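Notes for the one structure printed next.
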Amino acid sequence: MRKLGAVAVLEVIDALWFALQPYFPWMIGLLVIVTIARFPPLGRGSWSSKRDPWRGYRFAARREVFERAGGRCEAAFFVIWGRCREDAVEADHVYPWSKGGATIVSNAQALCRTHNRSKGAITPPWWYVLGLERRRRTYVQTESTRCVRWEMSVEDRALRHDRV
Ligand SMILES: [Zn+2]
C-alpha cells in the first residue's frame, strides 16, 4: 500500500512536469525580467553593513532636503510617472539606513506620509533611483544636487555641525 502511494506521487510529478514543460521558456523569461527589475543601480548603493550613527535627518540636513523638494513629496505619482502632489512630511533615506545608507542630503528624498509608509527598508532598484533623478530635473537646478549618493562627502559632514 505504501509503495503504491509513492508510485502515485511519482506519477503526479511526472504528469505535472510534462504539462508544464511548454511553459518553461516563459518561466525562465519571467524570472530574468523580475531579477533585472529588482537589481540595485550598478556601482551605487551601500555594500557595507556599517551604519551611520545618525539615524534620522536633523537640523540643516533635514531643512535642505525639504528645500530641495520645495516642500512637496518627491515620489512618483504612479510607479515612475509623474510626481506626487502631496506635501512632504518626512525626510526618507533612498538607500535604507539599516543597510548602510548614510544620513546625508544626497541620500535623502522628501516624502508624504503615504509614500513614506509604503517604501519601507528596501534597497531601491535601479529604475526607482533613475526615476527620482529624472523627476528632479524639473525642479532641481544643479546636477550634483539631483544625484542620489549614499557616501558621505565633506559638505555633508559640515552640515551636521551647522545646527542653526
Ligand atoms: Zn507622496
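For the subset of the stretch 78-90 comprising residues that are in a loop (DSSP other than H, G, I, E, B) and either more than 8 Å from the ligand (Cβ to nearest atom) or polar (S, T, N, Q) (or both), which member is surrounded by the most Cβ atoms within 10 Å (Cβ to Cβ)? This residue is Arg83.
Would you check if Ile28 is outside any loop (DSSP other than H, G, I, E, B), under 16 Å from Tyr128 (Cβ atoms) and aliphatic (A, V, I, L, M)? No; evaluated as a whole, the condition is false for this residue. Of the residues making up the stretch 151-164, none is crowded, with 19+ Cβ neighbours inside 10 Å and either free of Cβ contacts under 8 Å to residues at least 60 places away in the same chain or of a type in the set (Lys, Arg) (or both).
The residues of the stretch 122-150 that are free of Cβ contacts under 8 Å to residues at least 60 places away in the same chain, out of contact with any Ser or Thr (no Cβ under 7 Å at 6 or more places or on another chain) and in a loop (DSSP other than H, G, I, E, B), listed by number, are Ile122, Arg137, Thr138, Gln141, Thr142.
Values in this text are rule-based calculations from the coordinates and carry no lab data. Owing to the predicted nature of the structure, the values given are computational and were not obtained by experimental measurement. Methodologically, a virtual Cβ is constructed for each residue, glycine included, from the backbone with ideal geometry; neighbour enumeration extends over all protein chains shown.
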